Amino acid sequence: MGKYFNTAESRATVTKNYNRVRAMFDLNNKQVTELLQPIGNFQYTRFRRLATGDRDITPEELNAFYEALGIPPVTFIYPWTVPSKTGANNVFDFAVAAKAHNQEWLPYQLTEPNPIFTYFGESVYPYVFTNIGSWLSGQMISKIATNRFSLYRLSSSDNVREDFLQLYSSALKNYVETSFPNDGYLHAIKELTDEYDPNGDYPHMSDTQCTAFLTIFGNALLAYAHKCAYLNFLSQVTADSGTNIVSQQMKGSYRKRATAPLRRDMSETISLLRSYADSDSHTIQYEISTSVDGSSNPKDTFSISLIQKEDRTELANIGIDFRYLDWFDFVIPTSVQPLLDRSTSKTDSGNIVYSSGNILELLESSKYSDMCFKELYPVFNEF
């Protein structure tokens with residue numbers, strides 16, 4: 001007998017796991033057949049016999065389940081629990097580990113989560129199975145299906161479907177919380193409002209004061225642009241409204257609960273930024289450029305200038321360096337195109353100018369939306 005896999009009971013393991021997966025999606029054998037038939041022309045009797053333990057699962061079926069449901073083959077093959085080697089004395093250790101993974105661990109004394117799933121790690125759902133708009137839903141399913149604590153909970157559940165949906169909702173919320181630095185965004189906005197009055201008289205500031213203002217205002221603008229790009233990313237990877245069973249798991253309430261903390265202050269923020277940019281005496285111009293240095297992750301620059309309207313005198317100019325691709329350095333469906341690949345014009349220094357214009361006009365172009373900086377919305381490379 002293997003350490004994490006009992007070959008003598010492999011068929012029983014697959015049968016048990018198959019029936020749990022069906023329960024996760026609330027599917028009977030007929031519905032499984034209808035779901036997988038377009039992929040492999042499978043017959044109903046195959047799944048009826050699989051559910052009763054009268055046959056083994058095939059590689060073709062494992063691939064079909066992965067494509068249709070987002071459940072990786074390892075989830076069918078390996079047992080979701082293993083016999084406990086330490087008994088009740090190890091309950092505290094497992095409870096602590098489970099909490100670190102945002103999971104509940106219940107001390108069923110005879111079994112424990114199978115550690116083999118820790119070694120496999122989190123799989124990335126291939127969005128080409130469905131479409132980019134189903135990706136985040138598929139990713140949450142794959143994450144649950146390869147997390148040992150999630151599988152342990154489902155293996156002992158009296159209501160697999162309900163527990164699966166709870167795990168799904170929690171995984172989605174955790175994904176959003178960990179993939180966008182909202183604390184940094186809030187800090188940038190707070191620093192701006194703490195330091196400057198939205199109706200300040202900037203032309204009467206010294207050069208040093210104007211530069212200091214532009215730096216803090218620029219950081220707030222860039223933080224807001226980052227959030228707009230991230231929220232657009234979320235909208236792209238959740239755009240499918242239910243054309244397949246993977247996307248059907250993404251209930252509107254789950255999405256709203258996960259993204260509400262990020263969206264809550266967007267209207268207030270864009271209104272605030274407009275008030276700083278709106279003046280009878282000055283304008284603020286911006287430019288987003290990217291360096292041509294041959295790097296796979298080139299340096300980008302957000303530049304803004306404070307200009308007096310009356311004589312077009314430039315009062316101050318600052319540049320804030322950032323790396324656009326670092327905004328998407330978490331688990332995503334496929335790589336994002338760098339700004340360099342989406343630009344055509346050059347500055348005198350040889351850098352590529354990606355976008356430029358008047359900040360107030362940019363912010364007011366989104367009168368019926370709380371988001372702008374559409375030029376920074378992610379464009380995905382093909383798989």
Fill in the blank from the handout: To the nearest 20 debye, the chain has a Cα-centred charge dipole, built from +1 on Lys and Arg Cβ and -1 on Asp and Glu Cβ, of 2340 debye
Exercise for the section: Could you please rank His226, His187, placing first whichever residue has the fewest other Cβ atoms within 10 Å of its Cβ? Expected result: His187, His226
Handout entry: Charge context of Ile39, other residues only, Cβ under 12 angstrom, K/R +1, D/E -1
Key = -4
Problem - Other-chain or far-sequence residues with amide H under 5 Å of Phe322's (modelled H) - result: Asp300, Thr301, Phe302
Problem - For Val336, distant residues with modelled amide H under 5 Å away - result: Asn381
Fill in the blank from the handout: Expected unfolding gain across Lys30-Leu110 under the 0.36 nm per residue rule, minus the alpha-carbon gap, is 25.4 nm
Practice task
Just grab the label-to-label distance for Asp326 and Ser271, each label 7 Å out from Cα along the Cβ direction, in nm (one decimal).
Solution key: 3.3 nm
Handout entry: Inter-site label distance for Val379 and Thr211 at 7 Å from Cα along Cβ, in nm
Key = 3.6 nm
Exercise for the section: Could you check the simple spin-label distance between Phe120 and Ala260, using points 7 Å along Cα→Cβ, in nm with one decimal? Expected result: 3.4 nm
Practice task
Compute the Kirkwood hydrodynamic radius of the chain, taking the inverse of the mean of 1/r over all pairs of distinct Cα atoms, and give it in Å to one decimal.
Solution key: 24.0 Å
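Per 0.36 nm of contour for each residue apart, how much would the distance between Asn63 and Asn19 grow if the chain were fully extended, relative to their Cα-Cα spacing?
Numbers: separation 44, 0.36 × 44 = 15.84 nm, distance 1.69 nm.
The span from Asn63 to Asn19 would gain 14.1 nm if fully extended.
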Handout entry: Cα long-axis angle, helix 91-100 against the chain (0 to 90 degrees, to the nearest 10)
Key = 40 degrees
Fill in the blank from the handout: Listing Leu339, Leu231 by rising number of other beta-carbon atoms within 10 angstrom, fewest first, gives Leu231, Leu339
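At 0.36 nm per residue, minus the direct Cα-Cα distance, what do Asn174 and Asn41 gain on full extension? Give it in nm, one decimal, please. Can you show the working numbers first?
On the way: separation 133, 0.36 × 133 = 47.88 nm, distance 3.75 nm.
Going from the current span to full extension adds 44.1 nm.
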Practice task
Once you have all Cα-Cα distances for segment 182-376, histogram them in 5 Å bins from zero and send the whole-percent values.
Solution key: 1, 7, 14, 18, 18, 16, 12, 7, 4, 2, 1, 0, 0
Exercise for the section: Report ³J(HN,Hα) in whole Hz for each residue of segment 138-152, in order, from the Karplus equation J = 6.51 cos²θ - 1.76 cosθ + 1.60 where θ = phi - 60°; Gly and Pro get x. Expected result: x, 5, 5, 5, 4, 5, 4, 6, 10, 9, 5, 6, 5, 5, 4
Practice task
Report the one residue of Pro126, Leu165, His282 whose Cα lies farthest in the direction of the positive end of the charge dipole of the chain (charges on C-beta: Lys and Arg +1, Asp and Glu -1; origin at the Cα centre).
Solution key: Leu165
Exercise for the section: Could you work out the relative contact order of segment 182-376, using alpha carbon pairs under 8 angstrom and six or more residues apart, expressed as a whole percent? Expected result: 24 percent
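Can you pick out the pairs among Lys190/Lys251; Lys299/Lys374; Lys227/Lys309; Lys190/Lys309; Lys256/Lys374 whose Cα atoms lie more than 26 Å from each other? Don't skip to the end; give the middle numbers.
Working: Lys190/Lys251 33 Å; Lys299/Lys374 19 Å; Lys227/Lys309 30 Å; Lys190/Lys309 28 Å; Lys256/Lys374 22 Å.
The pairs that break the limit, which is 26 Å between Cα atoms, are Lys190/Lys251; Lys227/Lys309; Lys190/Lys309.
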Practice task
Sort Thr313, Thr118, Thr290, Thr13 so that the residue with the fewest other Cβ atoms within 10 Å of its own Cβ comes first and the one with the most comes last.
Solution key: Thr313, Thr118, Thr13, Thr290
Exercise for the section: Calculate how steeply helix 266-277 sits against the longest principal axis of the alpha-carbon atoms of the chain, using the helix alpha-carbon long axis, and give the answer as 0 to 90 degrees to the nearest 10. Expected result: 20 degrees
Fill in the blank from the handout: So, relative contact order of the chain in percent, Cα under 8 Å, 6 or more apart, is 14 percent
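Read-outs: derived from the displayed coordinates by stated rules, not from any lab. This structure is a prediction, so every number in the text was calculated from the model and none was measured. A quick note on method: Cβ atoms are made from the backbone with ideal geometry, for glycine too, and the neighbour counts reach across all protein chains shown.
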